[in-house]
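Peer 1: Below: one structure in C-alpha cells.
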Amino acid sequence: AQKITQTQPGMFVQEKEAVTLDCTYDTSDPSYGLFWYKQPSSGEMIFLIYQGSYDQQNATEGRYSLNFQKARKSANLVISASQLGDSAMYFCAMREGGAGGTSYGKLTFGQGTILTVHP
Amino acid sequence: DTAVSQTPKYLVTQMGNDKSIKCEQNLGHDTMYWYKQDSKKFLKIMFSYNNKELIINETVPNRFSPKSPDKAHLNLHINSLELGDSAVYFCASSQGLASGLFFGPGTRLTVL
C-alpha cells in the first residue's frame, strides 16, 4: 500500500492566489515526520516545511503552511500569494519513527504534484 | 559554500560500462543517502549510511555498490550499466536519524 499519496498530478493557480496541494499518509507508527519539498525545472530538491506528529500547531514557513489533520492522516501544503517562481513539482514525504526507529531516517516520497502558476 | 555536492552533474555512457558518482557533504551530518528519481519523477531510496555503516539497502541490484570512506563522503559505483539505470541520482544527508534530508544537486545518468 502507498504510504504517501498525492492525488493531484497537476494543479493550476493564478498569480497572487492561494493554492492547496493535497497529501495523505498511512502509518501505524505514533512518531513520524512529514515534509514538503519543491523541485523546480532545474532539478534540485528544496526543503520547504516540516511537521512532527506530536506538534500541536500547524507548521508555517513564510508563505508556506502545512494543514495537518492527524485524524484524517492528511498533511496538505498551502501556498499563499502564489508567485510565478512557485511553478514546480512538489513532493510530500514521510519519515516514520523517531531517532532509533526502524526507518533509520529514510524519507518515503509521494508521486508529486506539478504546480503551474499563471500570470 | 555548497552543503551537499555531487560529481559529475551529467553522466552519459554506454551499456555495460562501469561508472561512479561521488558525493560529499560539509554539514557535519552523520547520515547519508542515495535516492533514485526515475523518468516519472518518482523518488526511491537506494541506500543509507550512518557513521560509515550501511543501514539501509532497499533491494537494489548487486551491480550498485555504495562506499563511504568517511562520514562526509558517500560514493556510488555502478557495474555493467543497463538502459534501465538511466535516472537522476540524488545524494542526501541528515543530522541523525530523526531530521529531514538535505539533497545534493543530482546526477543525471543516461545509459545509451
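Only the coordinates and a few stated rules stand behind these numbers; no lab work does. Being a predicted model, the structure only gives us computed values, none of them experimental. Please note: Cβ atoms are built from the backbone with ideal geometry, for glycine as well, and neighbour counts cover all protein chains shown.
Peer 1: Treating the beta-carbon of each Lys and Arg as +1 and of each Asp and Glu as -1, no other charges, what is the dipole magnitude of chain B about its Cα centre, to the nearest 20 debye?
Peer 2: Its charge dipole is roughly 240 debye.
Peer 1: Next question. Principal axes first, then extents: for the Cα atoms of chain A, list largest minus smallest coordinate on each axis, whole Å, largest first.
Peer 2: Largest first, chain A extends 46, 28, 23 Å along its Cα principal axes.
Peer 1: Which of A:Phe12, A:Ala59, A:Thr27 sits farthest toward the positive end of the charge dipole of segment A:1-91, with +1 on the Cβ of Lys and Arg and -1 on the Cβ of Asp and Glu?
Peer 2: In segment A:1-91, that residue is A:Thr27.
Peer 1: What would the Debye equation give as log₁₀ I(q)/I(0) for segment B:19-93 at q = 0.25, 0.28 Å⁻¹, counting only Cα atoms as equal point scatterers?
Peer 2: For the requested q values the scattering log ratios are -1.22, -1.44.
Peer 1: Any idea what the relative contact order of chain B is, in percent, if you count C-alpha pairs under 8 Å spaced at least 6 apart?
Peer 2: 37 percent.
Peer 1: Here is a follow-up. Just name one of A:Gly105, B:Ile21, A:Ser42: the one whose Cα is farthest towards the positive end of the charge dipole of the protein assembly as shown (beta-carbon charges, Lys/Arg +1, Asp/Glu -1).
Peer 2: The one lying farthest along the dipole's positive direction is B:Ile21.
Peer 1: To the nearest 20 debye, what charge dipole does chain A have about its Cα centre, counting +1 at the Cβ of each Lys and Arg and -1 at the Cβ of each Asp and Glu?
Peer 2: 160
Peer 1: Now for a different question. Return a whole-number percent for the relative contact order of chain A, with Cα pairs under 8 Å and 6 or more residues apart as the contact set.
Peer 2: Reported as a whole number, the value is 36 percent.
Peer 1: May I ask for the Kirkwood hydrodynamic radius of the protein assembly as shown, worked out over all distinct Cα pairs and given in angstroms to one decimal?
Peer 2: Evaluated on the protein assembly as shown, it is 18.2 Å.
Peer 1: Taking segment A:37-98, which chymotrypsin sites (Phe, Trp or Tyr not before Pro) meet the DSSP loop condition and have no more than 14 other C-beta atoms within 10 Å?
Peer 2: Loop-located and lightly packed - A:Tyr54.
Peer 1: Select from A:Ser28, A:Ser87, A:Ser53 the residue whose mean-square fluctuation is largest in a Gaussian network model of chain A (Cα-Cα springs shorter than 10 Å).
Peer 2: Answer for the Gaussian network model of chain A: A:Ser28.
Peer 1: If you place +1 on the Cβ of every Lys and Arg and -1 on the Cβ of every Asp and Glu, how big does the dipole about the Cα centre of the protein assembly as shown come out, in debye to the nearest 20?
Peer 2: So the magnitude is around 240 debye.
Peer 1: Holding the Cα-Cα limit at 30 Å, pick out from A:Lys106/B:Lys22; A:Lys106/B:Lys40; B:Lys40/B:Lys67; A:Lys73/B:Lys67; A:Lys16/A:Lys106 the pairs that are longer than that.
Peer 2: Result: A:Lys73/B:Lys67; A:Lys16/A:Lys106 exceed 30 Å.
Peer 1: A follow-up question, please. How crowded by other chains is B:99-107, given as the mean number of beta carbons from other chains within 10 Å of each beta carbon?
Peer 2: Partner-chain Cβ atoms within 10 Å, mean over residues of B:99-107: 5.
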